[in-house]
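Heads up, the thing below is written out as structure tokens.
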Amino acid sequence: MKKYVQHLSFMLVVLGTSYCQAQSSCLIKIVDDENGWPVPMVELRTTSNAVFVSDNAGVVAFDLPEMLGRETWFHINGNGYGVAKDGFGYEGVRIVPERGKEITIRVTRKIIAKRLGRLTGSGLFAESQKAGLMKDWLEQGIVGCDTVRVARHNDRLHWVWGDTSVPYYPLGLFEALGATTPLSPLRSFEPPLQLRFDYFRDESDKPRNTCPVSGPGPTWLDGVVSLPNAKGETKLVCCYAKIKPPMDTYQTGLCVWNEVTLSFDVHKMIWNQQQPNGKPPVMPSGHVTHWTAENGQAWLLFGDPFPFMRCQADFESWSDAKQWEILEPQKSVKLADGQLIVPHRGSIAWNNYRKKWVTVFCETGGKPSPLGEIWYADAEQPNGPWGHAIKVLSHENYSFYNPRICSELVDEDAKFLLFEGTYTRTFSNNPVATPRYDYNQILYRLDLDELPRPPHK
């Protein structure tokens, strides 16, 4: 009876706290005017420069006491979503936020891709929770993650990120954060996005590094793939690079996943800066694509975005540098008007709906953002020629680099693509980071039927 009373008291405290939180703020919902979907990462800024950003549920819990109950103007920066400008050129809305009130702001999508939400970081539903919603969503101890690689391995998806920010110190994890998820981790392909990762953790239950290669500086992993060996075993493998300031590689090699320690072990070192050849060799890095040639030979294609290396799809071929075949990737993509754009990074995938190879890539030196303009293109073969390029995502003064098609998350006959990338002010001249979203992975949906049709030849 005593335990029941204690539990009841606890629940009353929780419910009372949630009720007080909900009553102390105005719940602002930001939705896409076309489909009613909640829109994450929309910035509301008052004339006093107080900034609120919608969470994965498109929610802002507005609680400024000096503005509650008062007619308030909000500038809107929707990162591809917005409202019509007024006569003075201001893009925003005027509302009266009140305690306990719910207000909906409808925005128009200006980009082709639809933003589903943030995959990584903290406070994915922080605004909702301030308003007493999404109480079951728990934090996972990560603030920001750079650049992801994913492979299917042993009936799980295995995720590997680069440098990672944590809440307990300005310096975070620099030797490959890792996690797994079920093979189909998303229940819906509409927002709000709710994808939970099973991070590999240390003894204190904090997310940890998974590839502690000796030597100073970060360890960056690339080319993650699961392969069979001659014994019929399946090995999760990748290549590694050791980095010194500013961003120089001084050692490269191959790693294999240890199923006991749940970490990557060095399989062999390929190159270091003490060797006579001063430049690191081309490695099986980037994003890995499985491809079966017309003669039935199974290949691994390594590209970023377009294939620059291939080897046969088995552990022994991958681990023998003599069997790596260097390819010549396409350098640029021609637009309908004849203009050439140069890809930076990206990935390719076979699309069963289009019956073509497709790519999503970031443009080098794009406008308005040098590393924030994202393009789609397609081809009949994985090595091109790539054409019919269409810009699907743009940023005014922010980077969105290393985009990757998430083909493993959707059915092979899906009429849409999912792609994610690193959203960060790095490599831009923007002095202000988007709270919570900066240096994290953002997921977008690209409905293929909504792409403009290529011009007739």
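The values are calculated or read from the model by the stated rules, or taken from the named source; none is laboratory data. Note that this is a predicted model, so its numbers are computed, not measured. All Cβ positions, glycine included, derive from the backbone under ideal geometry; neighbour counts span all protein chains shown. Quick note on the areas: whole protein, heavy atoms, side chains included, nothing else; ligands and nucleic acids left out. Shrake-Rupley method; radii C 1.70, N 1.55, O 1.52, S 1.80 Å.
Structure notes:
- Qualifying residue in segment 406-421 (condition: open to solvent by 40 Å² or more (accessible area, probe 1.4 Å) and part of a helix (DSSP H, G or I)): yes
- Within segment 129-145, residues that are closer than 21 Å to Val60 by Cβ sit with their Cβ atoms under 6 Å from residues that are open to solvent by 50 Å² or more (accessible area, probe 1.4 Å), at 6+ positions apart or across chains, in these pairs: Lys130/Gln21; Gly132/Gln21; Val143/Pro167.
- Residue within segment 150-160 that is more than 26 Å from Lys29 (Cα to Cα), of a type in the set (Asp, Glu) and out of contact with any Leu (no Cβ under 8 Å at 6 or more places or on another chain) present: no
Table: residues versus (1) within 20 Å of Asn440 (Cβ to Cβ); (2) open to solvent by 20 Å² or more (accessible area, probe 1.4 Å).
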| site | (1), (2) |
| --- | --- |
| Ala179 | yes, no |
| Arg187 | no, yes |
| Arg196 | yes, yes |
| Arg201 | yes, yes |
| Ser214 | no, yes |
| Trp220 | yes, yes |
| Leu227 | no, no |
| Thr234 | no, yes |
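- Scope segment 315-348; condition of a type in the set (D, E, K, R) and outside any loop (DSSP other than H, G, I, E, B); matching residues: Glu316, Lys322, Glu325, Lys334, Arg345
- Any pair with Cβ under 6 angstrom, 6 or more apart, that starts in segment 361-384 at a residue that is of a type in the set (Phe, Trp, Tyr) and ends at one that is surrounded by fewer than 19 Cβ atoms within 10 Å (Cβ to Cβ): Trp375/Lys391; Tyr376/Ile390
- Residue in segment 82-100 that is surrounded by the fewest Cβ atoms within 10 Å (Cβ to Cβ), counting only those that are over 22 Å from Lys130 (Cβ atoms) and acidic (Asp, Glu): Asp86
- One residue from Ile76, Ile111, Ile103 being touching a residue at least 12 places away in the same chain (Cβ under 8 Å) and either in a loop (DSSP other than H, G, I, E, B) or open to solvent by 40 Å² or more (accessible area, probe 1.4 Å) (or both): Ile111
- For the residues Asp449, Asp438, Asp411, the requirement of being closer than 21 Å to Gly162 by Cβ and among the charged types (D, E, K, R) singles out Asp438.
- Qualifying positions in segment 129-161 - crowded, with 19+ Cβ neighbours inside 10 Å, in contact with a Gly (Cβ under 9 Å, 6 or more places away or on another chain) and within 28 Å of Gln23 (Cα to Cα): Gln129
- Scan of segment 244-270 for residues that are out of contact with any Phe, Trp or Tyr (no Cβ under 6 Å at 6 or more places or on another chain), surrounded by 17 or more Cβ atoms within 10 Å (Cβ to Cβ) and within 16 Å of Ser285 (Cα to Cα), ordered by number: Thr249, Gln251, Leu254, Val256, His267, Ile270
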